[in-house]
Amino acid sequence: MEMASQSRQPGSGIKKYLLSSTGVLLLAAVLFWWRSQGTSQTILFEPPVRVAQSEPLCPWRQPNEDMKRFFSGSTRYQTETRILSGLRAPLAAQLGREPTGDENALLLYRVYAQQTPIGVVLTRRVKGAYGAIELVLAVAPDGHVLGLRLQRQREPENIAAALERPEWLASFVGKRVKDGWQLGEDVGGVSGEARSSAEAIVEGTRSLLVLLSVAEGAPVSNAGHH
Amino acid sequence: MLNWFSLAWGNLVRRPVRSGLAVSGLAASIAVLVCLWSFGNGYRRALNTELDRMGLQMMLVPLGCPYDAAARVLKGQNLDNSLPASVLEAARNDPAVAVAAPLLLAAVPRPRDGRTDMWVGLDETALDLKPWWKTTSGARWFASEDSVILGCDAAETEMRSAGDRFYSPETGQKLQVSGVLERSGTSDDSLFFVPLSTAQRMFHETNRLTAVAIRLRDPTLVRGASERLQKIPGAQVVTMTEMMGTFLNLVGAVRTLSTSVAAVALLVSVLSVFNTLLATVIERTGELMVMRAIGASRAQVFGLITLEALLLTLAGTGCGLVGALLLGPGLEGVVKRFVPMAPVERLLVPSLQIFSATLVMGVAVGVLSALYPAWRASRLHPAAALKGD
């Protein structure tokens, strides 16, 4: 045993070092294991197909056709995102309600003829009676409406026909944000069953003009050419 | 006992480089082995969980490529042909079948919207297969024949919630939203669910089905049930285990190959420990003979060498386990890229079972590699020491 104590002497420093390192490593391993046990995810698999995600922002589905329709001489457009989260008070005052989460930013498509901006296109999804209705709104540089198109809707035929009637859509042309927006008075009227969808379209259009008027003074967060 | 332990430890650290190399070799092979076991078990477990989540063991699909048909149904895609409704009755009459849920799938392309509406017709047996179905609003089943349940993404896109009206322009069907499903992370999220009879009416598929999803009373009855159901005219059977088995076989083959590599690495480690111990015994022959001369028994010398081997292999095993835990997540990321249907969850989940098995293996390696050196050390004669040899 004396020999044992003699043989321990030269290696005692290494022994302490190895013991303490092993202890630290084991402790780290236990902590790592415990952490991994607590954070296991509940969704086990990637879906078998890439699930079609919903579109939180309404896309502009036919930019070329719409530019031709609303802006003669247009050559290109440029996207701009305006941050409105710091302008909630003026927005609320003009909208007559609290802005929604989606209204903290506005994606606008600025249309150009060569280098000259000739207007803006805005899109929005509104709640129709039987499904979502997507609006495409063309606005002149001075803020008046150049045209409105329903790029997507799933209303029954009679309602769809009333909403897509050229005379009714034309009743929006020339309107400004400060104008009256009463359905059937300031804007053309529609039949009874189409009324709720028509009201959603009127409210959506007016909201877009309010957002645009506030956004024109707001900072641009990014821009992209098309 | 403590003295024997200290003596064994002292002997090992006397040659730190040699001992360190033996420990490192063993640690590397143990780490690889643990990672392989954990990956294999994790993958198998995740696939089984997915099978349980699907809640079905087999599917009846129209004649054609069965795997393509089953994969399309699971993905919520349309099939080119359909089954007669009589197939459902035949399936329900089978003694092994607990639940037979009919499905009618219809894809309605909407090119103007840049999307395709996916409609799924179900009857209430579907709830037995989808017990996880929960709604964020409304009920989890249809209030009437003219109601619809929407996946969460579909509801978000169409701005619908429970109680709203909904319309299918292509079929002219007016519906009322009964409920909106909670997000499940599957294709259910983007689907429109309607009662089976409504779907058959909407898509002019009276008495026709796209598939029948089947859950058995006992999963072990799958072979017999499959043989019987295969005889139903116009239908063919695809078992989920066959589909998952294809993936598992692929992973199993890779696992066998890599386990063989790990086994060879482990064998090399055993030889390395063996070599270390034998060198130690030869180097310390004089010292061991003196021990025998001052009263140490053969068993004590044998035990000392075995203890040294055990310390060496336990250190190697411990370092290997720690290495597997620390390096495993990085390796997992690489492995997942090459694995079909890779689960989202972590595959390398350490289990007590794997840790215990590895520890037992470490001890076995230690004992095995110590046998000859320990026997040789115990055979040294004390008289040789007294003679000054």
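General observations
- Evaluated against (1) more than 22 Å from residue A:194 (Cα to Cα); (2) more than 38 Å from the chain's Cα centre (by Cα); (3) charged (D, E, K, R); (4) surrounded by 15 or more Cβ atoms within 10 Å (Cβ to Cβ), residue B:165 falls short on exactly one condition, (1).
- 2 or more residues farther than 24 Å from residue A:65 by Cβ and touching a helix residue (DSSP H, G or I) at 6+ places or on another chain (Cβ under 7 Å): qualifying helices (runs of 4 or more DSSP H) within the range A:121-226: A:195-215
- Single residue of B:187, B:197 found to be within 11 Å of another protein chain (Cβ to nearest Cβ), in contact (Cβ under 8 Å) with a residue 12 or more places away in the chain and either surrounded by fewer than 19 Cβ atoms within 10 Å (Cβ to Cβ) or under 18 Å from residue B:129 (Cβ atoms) (or both): B:187
- Whenever a residue of the range B:226-238 is free of Cβ contacts under 8 Å to residues at least 40 places away in the same chain, its partners that are outside any helix (DSSP H, G or I), lying with C-beta atoms within less than 7 angstrom and at least six residues away or across chains, give the pairs B:230/B:236; B:230/B:237.
- Restricting the range B:200-243 to residues that are in the same structural domain as residue B:107 (by TED's automatic domain parsing) and among the hydroxyl-bearing types (Ser, Thr, Tyr) leaves a set whose member that is farthest from residue B:56 (Cα to Cα) is B:206.
- Screening the candidates B:106, B:139, B:126 for the property of being away from every other protein chain (no Cβ under 11 Å), surrounded by fewer than 16 Cβ atoms within 10 Å (Cβ to Cβ) and either modelled with pLDDT under 95 or in contact with a Pro (Cβ under 9 Å, 6 or more places away or on another chain) (or both) yields one hit, B:139.
- Residue A:194, sole failed condition from (1) away from chain B (no Cβ under 14 Å); (2) surrounded by 15 or more Cβ atoms within 10 Å (Cβ to Cβ): (1)
- Going through (1) closer than 27 Å to residue B:86 by Cβ; (2) within 14 Å of chain A (Cβ to nearest Cβ); (3) in contact with a Pro (Cβ under 8 Å, 6 or more places away or on another chain) one by one, residue B:234 falls short only on (2).
- Test: residue in the range A:49-71 that is more than 14 Å from chain B (Cβ to nearest Cβ), part of a loop (DSSP other than H, G, I, E, B) and modelled with pLDDT of 90 or more: yes
- Flag if residue A:196 is small (Gly, Ala, Ser) and touching an Asp or Glu at 6+ places or on another chain (Cβ under 8 Å): no
- Per-region count, the range B:142-161, residues more than 14 Å from every other protein chain (Cβ to nearest Cβ) and among the hydrophobic types (A, V, I, L, M, F, W, C): 3
The values are calculated or read from the model by the stated rules, or taken from the named source; none is laboratory data. Only a predicted model underlies this, so the values are computations on that prediction, with no experimental measurement involved. Glycine also receives a Cβ, built like all others from the backbone with ideal geometry; neighbour counts cover every protein chain displayed.
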